[in-house]
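Worksheet: one structure, shown below.
The values are calculated or read from the model by the stated rules, or taken from the named source; none is laboratory data. What you see is a predicted model, and the numbers here were worked out from it, not measured in a lab. No Cβ is skipped: glycine too gets one built from the backbone with ideal geometry, and neighbour counts run over all protein chains shown.
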Amino acid sequence: MHIKGIEYENVFEDLSQKSPQLLQYNPVHKKIPVLVHKGKPICESLVILEYIDETWKKETTPLLPQDPYEKAMARFWAKFVDDKLLPSVWSVFTEKGYEAKKEAFVPAVQNLEIIEEQLKEKKFFGGESIGYVDLALGWMAYLLDVFEEVIDLKLFDAHKFPLLSGWMKNFCDAPAIKQHLPPRDKLVTRFQLFHEKFQTAN
């Protein structure tokens, strides 16, 4: 929304006790994020990104490419991030014990290698400005080192992933992103609590 220059209200949700409003707006998945525009809810991150891009076409540079093939490829890689990369990284975070985490580490690194190849010396995945794939992958830029600190396991090696390392810095340094990143110490505290729950769950 900031990239498009759109004013909005951010409503935080306690996921341990989901509000009636969240259940009303997203009765199928019962999870965030949900965008409510003109009283109508739009759910799921990638769907929301496309809705924003279509609804506010004239405000700024489009998030998705105009060329049909490039647009299809952007959707493909965003889906790869959602379906493959994120679950594999999350698995490292949630697995119990060092050995289980090390085992989950292998597919996560393989998926990072695949994404690294897609940057091809570009500043962002779509070129010189933040686009659809960058936003789909944005969580990694500011959460990956938080995960590493919490689980005490190095997942990302900047020397092995120089392009992704540069992309992470470019993404977090972009004004529309930087000024709205949550404080790192609060993220660490929050994910420490999550990690403890996963490690002690039956």
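Overview of values
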{"item": "Region 44-78 - residue that is of a type in the set (D, E, K, R) and in a helix (DSSP H, G or I) and, of those, nearest to Asn111 (Cα to Cα)", "result": "Arg75"}
{"item": "Answer residue from region 7-27, given it is of a type in the set (Phe, Trp, Tyr) and assigned to a loop (DSSP other than H, G, I, E, B) and is farthest from Leu64 (Cα to Cα) among those", "result": "Phe12"}
{"item": "From the options Lys30, Lys4, residue that is modelled with pLDDT under 95, over 22 Å from Arg190 (Cα atoms), among the basic types (Lys, Arg) and in a loop (DSSP other than H, G, I, E, B)", "result": "Lys4"}
{"item": "Residue ID - surrounded by the most Cβ atoms within 10 Å (Cβ to Cβ), chosen from residues in region 165-202 that are polar (S, T, N, Q) and closer than 30 Å to Lys120 by Cα", "result": "Asn170"}
{"item": "Answer from Glu121, Glu117, Glu128, Glu99 - the residue that is among the acidic types (Asp, Glu) and either modelled with pLDDT of 95 or more or crowded, with 17+ Cβ neighbours inside 10 Å (or both)", "result": "Glu117"}
{"item": "Any chance Val106 is without any contact (Cβ under 8 Å) to a residue 24 or more places away in the chain, among the β-branched types (Val, Ile, Thr), assigned to a helix (DSSP H, G or I) and not assigned by TED's automatic domain parsing to the domain that holds His37", "result": "yes"}
{"item": "Boolean, Leu163 is over 16 Å from the mean Cα position of the chain (by Cα), outside the structural domain of Tyr8 (by TED's automatic domain parsing) and either in a helix (DSSP H, G or I) or of a type outside the set (A, V, I, L, M) (or both)", "result": "yes"}
{"item": "Hey, His37 under 30 Å from Ile114 (Cβ atoms) and either of a type in the set (A, V, I, L, M) or outside the structural domain of Ile130 (by TED's automatic domain parsing) (or both) or not", "result": "no"}
{"item": "Selection count, region 134-164, where residues are without any contact (Cβ under 8 Å) to a residue 40 or more places away in the chain, surrounded by 17 or more Cβ atoms within 10 Å (Cβ to Cβ) and either touching an Asp or Glu at 6+ places or on another chain (Cβ under 6 Å) or hydrophobic (A, V, I, L, M, F, W, C) (or both)", "result": "1"}
{"item": "Given (1) at pLDDT 95 or above; (2) under 15 Å from the mean Cα position of the chain (by Cα), index of the condition His180 fails", "result": "(1)"}
{"item": "Hey, Leu15 outside the structural domain of Val146 (by TED's automatic domain parsing), within 15 Å of the chain's Cα centre (by Cα), under 29 Å from Asp145 (Cβ atoms) and surrounded by fewer than 17 Cβ atoms within 10 Å (Cβ to Cβ) or not", "result": "no"}
{"item": "Selected residue (only one of Lys79, Lys57 is over 19 Å from Phe161 (Cα atoms) and modelled with pLDDT of 95 or more)", "result": "Lys79"}
{"item": "Residue ID - farthest from Leu153 (Cα to Cα), chosen from residues in region 53-77 that are touching a Leu at 6+ places or on another chain (Cβ under 7 Å) and crowded, with 16+ Cβ neighbours inside 10 Å", "result": "Asp53"}
{"item": "Residue list for region 78-93, filter: surrounded by 18 or more Cβ atoms within 10 Å (Cβ to Cβ) and more than 11 Å from the chain's Cα centre (by Cα)", "result": "Phe80, Ser88, Val89, Val92, Phe93"}
